[in-house]
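The structure appears below as structure tokens.
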Amino acid sequence: MRLVLLGAPGSGKGTQADKLSELLNIPTISTGAIIRAAVKDGTEMGLKAEGYLAEGALVPDDVVIGIMKERLFEDDCKEGYILDGFPRTIPQAEAAEKLGIEIEKVLDLVVPDEKIVARLSGRRECKVCRTPYHVDFNPPKEEGVCDKCGGELICRADDEPETVQKRLTVYHKQTEPLVNFYEERGLLVRAYGCEEIADTSRAVREALGLE
Ligand code: AP5
């Protein structure tokens with residue numbers, strides 16, 4: 001399965017990607033996680049991307065396409081992958097087609113904007129393995145500690161309410177047009193992500209024909 005997860009910031013793409021990755025035994029490739037790691041490590045790409053991330057803007061297309069051009073042709077992607085956060089603009093989607101990246105399905109995770117700010121203000125993320133948690137909706141067994149790897153749970157810098165509003169505006173303007181782009185190609189399916197995480201996971205599996 002070569003799957004794209006579309007959806008607003010905080011719609012639950014990372015949460016559902018983790019579950020699908022386990023179910024299908026294929027990796028999740030998250031451009032957001034790759035970019036945040038590069039910022040943390042202070043690489044050349046990270047230094048270029050840092051300002052965009054902090055402002056809630058998208059990193060330039062050529063930077064992201066450059067990352068994916070290499071990442072998606074690595075060995076662990078041979079049996080498929082889940083793309084969380086790529087493509088995010090029409091030029092990225094067109095570049096992916098030109099590179100021969102054949103997408104089989106695109107899942108649009110639909111959540112209204114008013115739910116997003118509350119979700120992101122309560123999000124915590126593992127500093128080590130990046131697993132997402134929520135203080136109310138998906139708490140770890142021990143406060144502040146990742147269930148999976150024992151890493152420290154932290155808040156993401158771009159989850160400040162003001163930055164979240166900017167990310168939502170960017171999403172509607174630059175990413176939402178991809179819904180039509182993939183609908184026209186007959187690849188789009190939808191799932192509603194407003195219910196509890198387990199119900200959303202069921203809706204996702206149903207939309208993908210996995211149940
Ligand atoms: P990225 O890391 O991709 O962030 P995003 O798309 O904004 O999405 P999030 O990670 O914030 O949310 P999510 O949908 O994964 O939700 P989650 O599962 O964590 O990108 C960050 C930045 O990197 C961008 O702003 C941009 O600058 C740059 N970037 C990345 N890709 C790029 C690209 N292709 N081009 C250019 N720039 C790029 O869930 C959120 C919270 O809600 C969690 O706490 C979770 O526990 C909780 N939750 C999840 N589901 C539910 C539910 N059903 N009910 C209740 N709570 C839930």
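Summary of computed values
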read-out	value
Most mobile listed residue (LEU153, LEU99, LEU120) in the chain, GNM with C-alpha springs under 10 Å	LEU99
Heavy-atom accessible surface of the chain: percent carbon and sulfur, 1.4 Å	49
Stretch gain in nm, segment ALA198-GLU44, where the contour uses 0.36 nm per residue and the Cα spacing is subtracted	51.5 nm
Amide H contacts of HIS134 (H built 1.01 Å from N, under 5 Å, at least 5 apart or other chain)	ARG124
Debye intensity ratio in log₁₀ form over the Cα atoms of region 53-133, taken at each q of 0.15, 0.21, 0.25 Å⁻¹	-0.76, -1.24, -1.31
Under Karplus coefficients 6.51, -1.76 and 1.60, residue-wise ³J(HN,Hα) of region 162-168 in Hz, glycine/proline x	5, 5, 4, 4, 5, 4, 5
Where region 27-178 is the region considered: accessible area per residue in Å², 1.4 Å probe	53
Alpha-carbon spread of the chain, three principal axes, descending order, Å	44, 43, 35
Contour minus Cα-Cα distance for GLU114 and GLU143 (0.36 nm per residue)	7.8 nm
Dipole magnitude (debye, nearest 20) for the chain, charges at Cβ of Lys, Arg, Asp, Glu	60
The chain - percent relative contact order, Cα under 8 Å, separation 6 or more	29
Radius 9 Å from Cβ of CYS77, net charge of other residues (Lys, Arg +1; Asp, Glu -1)	-1
Residues of region 141-158 with amide N under 19 Å of the 7 Å Cα→Cβ point at VAL135	141-147, 152-158
Long-range amide H partners of ARG190 with built H, under 5 Å	ASP108
Phi to ³J(HN,Hα) by Karplus 6.51 cos²θ - 1.76 cosθ + 1.60 over region 49-66, Hz, x for Gly, Pro	7, 3, x, 4, 4, 4, 7, x, 9, 7, 6, x, 3, 5, 5, 5, 4, x
Candidates VAL117, VAL106, VAL128: whichever shows maximal mean-square fluctuation once the chain is modelled as a Gaussian network with Cα springs under 10 Å	VAL128
Integer Hz, Karplus 6.51/-1.76/1.60 couplings in order for region 120-133, x for Gly and Pro	6, 6, x, 6, 10, 10, 5, 5, 8, 9, 6, 4, x, 10
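The values are calculated or read from the model by the stated rules, or taken from the named source; none is laboratory data. Owing to the predicted nature of the structure, the values given are computational and were not obtained by experimental measurement. Every residue, glycine as well, gets a Cβ built from its backbone with ideal geometry; the counts of neighbours run over all protein chains shown. Note: accessible area is taken over every heavy atom of the protein model, side chains too, but ligands, DNA and RNA are not part of it. Shrake-Rupley method; radii C 1.70, N 1.55, O 1.52, S 1.80 Å.
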